[in-house]
Amino acid sequence: MPRVCVFDVQETLLDMRGLDSAFEVSFGTPDAVRRAWFAQVLQSAFVGTITGHYDNLLRIADAALEVVSAREDVTLSSDERQAILSQWRRLPAHTDAQGALQRLRDAGIRLAALSNAPLDLLDDQLKHAGLRGFFEIILSADEVKRLKPAPEPYHLAAERLGVKIDALRLVSAHAWDIAGAQRVGAAAAYVVRVGLLFDPLVRLPDAVGEGLAQTVERILEAEGVKR
């Protein structure tokens with residue numbers, strides 16, 4: 001039986017460039033600052049995970065805005081910070097997301113989503129992007145108070161889906177996420193996205209594609225599903 005495909009959400013399915021208009025209002029140079037902000041979100045999340053401290057990802061995201069605004073010597077009003085975080089709930093899907101998910105579903109593959117974002121944010125994001133209906137379950141690392149790539153979120157997915165960990169395939173555009181899944185015994189698929197580079201210290205999974213459409217074809221090949 002084919003593995004369950006468990007999708008990362010931020011950058012894998014959703015296009016973070018949807019935040020650029022909100023960043024432009026406050027910073028003037030949206031792309032670079034938005035990338036710096038999300039890099040800070042990830043850094044703070046990893047520090048908490050490594051040191052055994054948990055913060056909700058929305059709290060981390062708000063704190064990351066403080067860091068990047070100080071770095072850019074910009075004073076953000078509370079309204080500006082809220083505008084950015086509110087826009088995060090309304091990101092568009094990558095243009096290849098719906099077709100790729102439909103392709104997997106038509107092939108009989110079970111689909112789930114697993115993110116470090118809290119469930120209320122995830123629900124808003126996936127509904128706005130038109131992707132919510134593809135997934136039988138939406139899972140957040142917030143439920144286990146440990147953020148990916150810690151082992152607990154991947155084990156949560158296996159438990160909630162009623163399968164063993166090796167019956168999962170994580171689909172992500174992030175090498176650190178791929179590493180987390182593979183190191184607990186799950187399979188993985190890497191989605192190549194512009195600006196996101198693969199870490200050579202991480203084992204490349206057996207399914208790799210340029211964008212989601214090609215990645216899905218590599219997944220079907222790896223799972224032995226007739227196309």
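FYI, it's all coordinate maths here, none of it is from the lab. A quick note: this is a predicted structure, and the numbers were derived from the prediction, not measured. We place every Cβ from the backbone using ideal geometry, glycine too, and count neighbours over all the protein chains shown.
Site pair Asp31 and Leu197 shows an inter-label distance of 1.7 nm when each label is modelled 7 Å from Cα along Cα→Cβ. Ordering Val6, Val144 from the fewest to the most neighbouring beta carbons within 10 Å gives Val144, Val6.
From helices alone, the chain scores -14500 deg cm²/dmol at 222 nm; the rule is -39500 (n - 2.57) for each run of n ≥ 4 DSSP H residues, then divide by the residue total. For the chain, the antiparallel share of DSSP beta bridges with both residues in that region comes to about 5%. Angle of helix 151-161 to the longest C-alpha principal axis of the chain, folded into 0 to 90 degrees and rounded to 10: 50°.
Seen against the Cα atoms of the chain and their longest principal axis, helix 211-222 is set at about 30 degrees. With Cβ to Cβ distances under 15 Å as the rule, what net charge do the other residues near Leu85 carry (K, R +1; D, E -1)? Its environment carries a net charge of -3.
Under 17 Å from a label point set 7 Å out along the Cα-to-Cβ vector of Val47, the amide N atoms of segment 56-74 belong to 56-72. Between the C-alpha center of segment 1-76 and that of segment 173-227 there is a gap of 22 Å. Relative to the current alpha-carbon distance between Gln98 and Lys127, full extension at 0.36 nm per residue lengthens the span by 9.2 nm.
Net charge of the neighbourhood of Asp96, taken over other residues with C-beta under 12 Å away and scored Lys/Arg +1, Asp/Glu -1, is -1. From the list [x] 27, 20, 17; [y] 29, 19, 16; [z] 37, 21, 13, can you say which value of semi-axes √(5λ) of the Cα gyration tensor in Å was derived from the structure given? The value computed from this structure is option [y].
Sparsely packed loop sites in segment 167-211 (the trypsin sites (Lys or Arg not before Pro) outside DSSP H, G, I, E and B with at most 14 other Cβ atoms within 10 Å) comprise Arg183, Arg203.
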